[in-house]
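The values are calculated or read from the model by the stated rules, or taken from the named source; none is laboratory data. What you see is a predicted model, and the numbers here were worked out from it, not measured in a lab. Here the Cβ positions follow ideal geometry from the backbone for every residue, glycine too, while neighbour counts run over all protein chains shown.
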Amino acid sequence: MAILLNDKEIKRLIGTVIINGDEQCIRPNSYIIRLGSKGEFINSGKEFDLGKIKNGIKIQPGHSVAVSAYETLDFRRELVHKIYPNGDLHGLISPTTDLSREGIVAPTTQVDAGYFGTLNWTISNTSSEERRFLLGEKIFRLTIFKLEKGETPEKLYDGDYQSQTGYVRSLRKGPPVGMKESEWEDSLIKEGPEVLLENLVRSGYPWNLLGERLKIIDQQFKSVSKEYSDINDSIIKLSKDLEVLNNQQREILNDVPDNIRTTLKDEISSLQNRWLIGAGSIFITAIGLILATTSNEAVCQIIKNNGSLFGLILLIAGLVVLFFITKRKPPK
């Protein structure tokens, strides 16, 4: 059964099977392949070679770029047998999760036993934002399997891309010469804008240049339209949030006068009750004192002799009692 190589085994392949490899790119059961220097912008056919003047690439929304790997892989049997006698290596290539999180679509492929060369891919920006990648940035994950006896292929890889390094354009053989346009099926609608644009491109110089430019403008217009649509949706949401907030503020302001009136009414009523209770208590106390003194001649004589003093004392006592009554807060 094929064995999935771990970090310890992958480390043995650096410098031999994985040429230009870096141990910092090793993961528990995979190796992260980095962005190479050579490639091509598919939409314009413009090739690039990073590391000389430019150090990175920019991918516009809706555009695709063919890129090459920084590392070169050597799965040739004579080399692999020096490390794993009677075994071969097979690899699976998949994009890192960072790419998918940013709307970058990239293919998943595999590396056959016996392959030697530099891997190429095409990545497409399906997001509404420009994406940038630096030379040597980690973009693809390589998982390597060791094929045991009985799993090794009888015929090793020997395709068109064997021993090719750097960036290599597609070597796919095109359709036979002489086929008519009527023999091809496409998605275009008769008399639709896409058909008119394609006819403009086929009409030759200089209209073909105008047609190609209109295609680019159309793609850019779609990207800008989507961005404005997102902005408009955000403005509508913000307006709704502000409206809700204003309604809440109005409700609070409307409730304030009612709350104030209710509180004042309760406080006034409580204050009146306290004054009535205090005045009644003092009145009853005064009546009791009068009855007590008038029925006792000795007490009456003392009051007659010191009437002004007793009156002042009672006045002060009454004021003190009223003061404490008005200051005491009613129970909640």
| Any residue in the stretch 167-176 that is assigned to a strand (DSSP E or B), within 26 Å of residue 19 (Cβ to Cβ), at pLDDT 85 or above and among the aliphatic types (A, V, I, L, M)? | no
Taking the stretch 53-64 and keeping residues in contact with a Lys or Arg (Cβ under 8 Å, 6 or more places away or on another chain) and surrounded by fewer than 19 Cβ atoms within 10 Å (Cβ to Cβ) leaves 56, 58, 62
Taking the conditions exactly as written (within 26 Å of residue 45 (Cα to Cα), within 42 Å of the chain's Cα centre (by Cα) and either touching a residue at least 12 places away in the same chain (Cβ under 8 Å) or not assigned by TED's automatic domain parsing to the domain that holds residue 54 (or both)), does residue 124 satisfy them or not? yes
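Residue-by-condition table, conditions (1) in a strand (DSSP E or B); (2) in contact (Cβ under 8 Å) with a residue 40 or more places away in the chain; (3) at positive phi:
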| position | (1), (2), (3) |
| --- | --- |
| 89 | yes, yes, no |
| 92 | yes, yes, no |
| 110 | yes, no, no |
| 113 | no, yes, no |
If you go through 144, 123, the only one that is under 21 Å from residue 29 (Cα atoms) and of a type in the set (A, V, I, L, M) is 144
- Query: Quick one: would you say residue 44 is touching a strand residue (DSSP E or B) at 6+ places or on another chain (Cβ under 9 Å) and of a type in the set (Gly, Ala, Ser)?
  - Reply: no
So, first residue free of Cβ contacts under 8 Å to residues at least 24 places away in the same chain in the stretch 160-184, second residue surrounded by 10 or more Cβ atoms within 10 Å (Cβ to Cβ) and aromatic (Phe, Trp, Tyr), Cβ within less than 9 Å, six or more apart or across chains; the pairs are 171/161
Pairs returned, first residue in the stretch 130-143 that is touching a residue at least 12 places away in the same chain (Cβ under 8 Å), second residue that is surrounded by fewer than 17 Cβ atoms within 10 Å (Cβ to Cβ) and of a type in the set (Asp, Glu), beta-carbon separation under 7 angstrom, 6 or more apart or interchain, are 131/102
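Can you name the residue in the stretch 12-35 that is of a type in the set (D, E, K, R) and more than 12 Å from residue 142 (Cβ to Cβ) and is also surrounded by the fewest Cβ atoms within 10 Å (Cβ to Cβ) among such residues?
Filtering first and then ranking leaves 23.
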Q.
So, residue 182, is that one modelled with pLDDT under 85, loosely packed, with under 10 Cβ neighbours inside 10 Å and not in a loop (DSSP other than H, G, I, E, B) or not?
A. yes
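This table checks each residue for (1) among the acidic types (Asp, Glu); (2) assigned to a strand (DSSP E or B); (3) crowded, with 21+ Cβ neighbours inside 10 Å.
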position	(1), (2), (3)
10	no, no, yes
37	no, yes, no
47	yes, yes, no
51	no, no, no
78	yes, no, no
When the stretch 12-35 is checked residue by residue, the ones that are assigned to a loop (DSSP other than H, G, I, E, B) and either among the polar types (S, T, N, Q) or not assigned by TED's automatic domain parsing to the domain that holds residue 89 (or both) are 16, 20, 29
